[in-house]
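Let me begin by presenting the structure, written as structure tokens, before commenting on it.
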Amino acid sequence: MSSTGTDAKSAVEAVWRIEAARVIAGVARLVGDVGLAEELAQDALVAALEQWPAEGVPRNPGAWLMTTAKRRGIDTIRRQQVLQKHLPALAGEERLDDPALDAVLEDEPIDDDLLRLIFTACHPVLKPEARVALTLRMLGGLSTDEIARAFLVPDATVGQRISRAKKALADAQVPFELPTGSARTERLASVLEVIYLIFNEGYSATAGDDWMRPALCEEAMRVGRVLAGLMPAEAEVHGLVALLEIQASRAAARTGPDGEPITLLEQDRRRWDRLLITRGLKALDRAEQLGGGTYTLQAAIAACHARARTAAETDWSEIARRYAQLSDLAPSPIVELNRAVAVSMADGPAAGLTVLEPLLQDKALRGYHLLPSVRADFLFRLGRREEARTEFERAASMTRNERERALLLSRAESCA
């Protein structure tokens, strides 16, 4: 392939990462079926891979993908002989480039399409785990493998959830719309979980060569802000927004010049985004005024770091106390793992190791690389260098992110 063709292919991949969710959401409004919308969006991607290397990247590549996918959707509707029902203004039209069709393609409002996509995928007809998996696939453009890593379950399990979820939505003829009243409240917990997992995948990529995928973080924050505007009286919506804003404030300090990861305690806090921190703390105040919950507690923990001018000034006792509250409210092995870290910083690595030890038998964490990584850090600080090295190497063998693997192997070498 020529250098021009290679550049075009790279452009297609970059545009797809940014625009996939918008294209799927926009087409879903047209065809009323999120599963079909994803297929049509994928068709548009294939067309881009075929045409852009030869014809050049269009001036507005996102709009090109959207228009191509929608045109294919209209073709599909025609083939299904329901065009008059879906697009009465176009009944009897045969050409795909007439003015009426152009108006349909270009003039549809799409501001809330991503939010509609989330709420549709989080319909009660689906099991909770299927709602989250489907929306991560549709909104975040995550692969089945990446979703499996987020859930700590096998790839095949996630693949089955997604396939069955699409079929269930189609069979139930779930409308592509924003629910109101109790239906909206009912789906909110799943919606918040989806946004959070999308952000996390952007904040610490589970696989690949990059430590972060900023576009996912930005999209999660954007949708979170829209949701906060839509549901201003919901404490946990503001709690989640606060958490995302404060976490995202560290982005510039989390990687070095060559993209290598920089741990929280080693980050140059002067590079933290003070505007995002200010916005996050404001959202946290609002969430706490409204009552709050798990996301609000996590945001309060993030705020402890944000308020500390240096790593040494961090109030680890307060963080440990907050994690204990979080564990009481929503117990999970991940929360306990984080509590162990906080306890180790507040009371020493031996105390952290005591909290950590019961987690070594937890099946949910069996393939989770951060468990041996955290244990290795405790052992290193206790002077048990050879044990620490073994654990760092084990953690490195478990992660699928190349940047993280390099960091863990470096830590292992430092134990020599």
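Restricting attention to region 165-182, the residues being assigned to a helix (DSSP H, G or I), in contact with a helix residue (DSSP H, G or I) (Cβ under 8 Å, 6 or more places away or on another chain), farther than 18 Å from Val194 by Cα and not small (Gly, Ala, Ser) number 1.
Between a first residue in region 276-292 that is on the phi < 0 side of the Ramachandran plot and a second residue that is hydroxyl-bearing (Ser, Thr, Tyr), which pairs have beta carbons less than 6 Å apart while being 6 or more apart in sequence or on different chains? Qualifying pairs under 6 Å: Leu276/Ser249; Ile277/Ser249; Ala287/Thr296.
Of all residues in region 259-271, those that are of a type outside the set (A, V, I, L, M) have Cβ atoms under 6 Å from Cβ atoms of residues that are not in a helix (DSSP H, G or I), 6 or more apart or on another chain, in Pro261/Trp211.
Just one of the listed residues (Gly367, Gly348) is surrounded by fewer than 20 Cβ atoms within 10 Å (Cβ to Cβ) and touching a residue at least 60 places away in the same chain (Cβ under 8 Å), namely Gly367. Mind checking whether some residue in region 273-283 is aliphatic (A, V, I, L, M) and in contact with a Leu (Cβ under 7 Å, 6 or more places away or on another chain)? The answer is no, given that none of the residues of region 273-283 is aliphatic (A, V, I, L, M) and in contact with a Leu (Cβ under 7 Å, 6 or more places away or on another chain). If a residue has to be without any contact (Cβ under 8 Å) to a residue 60 or more places away in the chain, assigned to a helix (DSSP H, G or I) and surrounded by fewer than 24 Cβ atoms within 10 Å (Cβ to Cβ) to count, how many in region 114-142 make the cut? Adding up the residues that qualify gives 1. Among the residues of this structure, Leu353 counts as one that is in a helix (DSSP H, G or I) and surrounded by fewer than 21 Cβ atoms within 10 Å (Cβ to Cβ). Just to be sure I understand the filter: pairs with C-beta atoms under 7 Å, separated by 6 or more residues or on different chains, first member in region 302-316 and within 18 Å of Arg279 (Cβ to Cβ) and free of Cβ contacts under 8 Å to residues at least 40 places away in the same chain, second member surrounded by fewer than 17 Cβ atoms within 10 Å (Cβ to Cβ) and hydroxyl-bearing (Ser, Thr, Tyr). Which pairs pass? Filtered contacts from region 302-316: no entries.
Considering the conditions (1) of a type in the set (Gly, Ala, Ser); (2) in a helix (DSSP H, G or I); (3) within 30 Å of Thr399 (Cβ to Cβ), Gly259 is excluded by exactly one of them, (2). Filter region 320-350 for residues that are farther than 25 Å from Gly383 by Cβ, assigned to a helix (DSSP H, G or I) and of a type in the set (A, V, I, L, M) and give the result. Hits for region 320-350 are Ala324, Leu326, Leu329, Ile334, Val335. The set of residues in region 12-40 that are in a helix (DSSP H, G or I), at pLDDT below 85 and of a type in the set (Gly, Ala, Ser) comprises Ala14, Ala20, Ala21. Would you check which residues across region 243-275 are surrounded by fewer than 21 Cβ atoms within 10 Å (Cβ to Cβ) and either in contact with a Lys or Arg (Cβ under 7 Å, 6 or more places away or on another chain) or on the phi > 0 side of the Ramachandran plot (or both) and list them? Scanning region 243-275 gives Ala252, Ala253, Gly259, Glu260, Pro261, Ile262, Gln267, Arg269, Trp272. Examine region 373-388 for a residue that is of a type in the set (S, T, N, Q) and under 19 Å from Glu260 (Cβ atoms), and state whether such a residue exists. Yes, that holds for at least one residue.
Under the condition of being touching a Pro at 6+ places or on another chain (Cβ under 6 Å), basic (Lys, Arg) and under 21 Å from Ser204 (Cβ atoms), the residues counted in region 350-403 number 2. Over 26 Å from Ala189 (Cβ atoms), buried (at least 16 other Cβ atoms within 10 Å of the Cβ) and at pLDDT 95 or above: which single residue out of Thr314, Thr278, Thr296 fits that description? Of Thr314, Thr278, Thr296, the one residue that is over 26 Å from Ala189 (Cβ atoms), buried (at least 16 other Cβ atoms within 10 Å of the Cβ) and at pLDDT 95 or above is Thr314.
Every residue, every condition in (1) closer than 30 Å to Arg366 by Cβ; (2) modelled with pLDDT of 75 or more, yes or no:
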site	(1), (2)
Thr67	no, yes
Lys70	no, yes
Val82	no, no
His123	no, yes
Thr135	yes, yes
Phe151	yes, no
Gln160	yes, yes
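The helices (runs of 4 or more DSSP H) found entirely in region 361-416 that carry 3 or more residues being in contact with a Lys or Arg (Cβ under 6 Å, 6 or more places away or on another chain) and on the phi < 0 side of the Ramachandran plot are 385-398. Annotation note: Cβ proximity below 9 Å between a residue of region 398-416 that is under 18 Å from Leu371 (Cβ atoms) and polar (S, T, N, Q) and a residue that is in a helix (DSSP H, G or I) and at pLDDT 85 or above (sequence gap 6+ or interchain) occurs for Thr399/Leu370; Thr399/Ser373; Thr399/Arg405; Thr399/Leu408.
If you check Ile262, Ile195, Ile246 for being modelled with pLDDT of 85 or more and touching a strand residue (DSSP E or B) at 6+ places or on another chain (Cβ under 9 Å), only one passes: Ile262.
The values are calculated or read from the model by the stated rules, or taken from the named source; none is laboratory data. Just so it is clear, the structure is predicted and the values come from calculations on it, not from any experiment. Cβ coordinates were reconstructed from backbone atoms using ideal geometry, including for glycine residues, and neighbour counts include every protein chain displayed.
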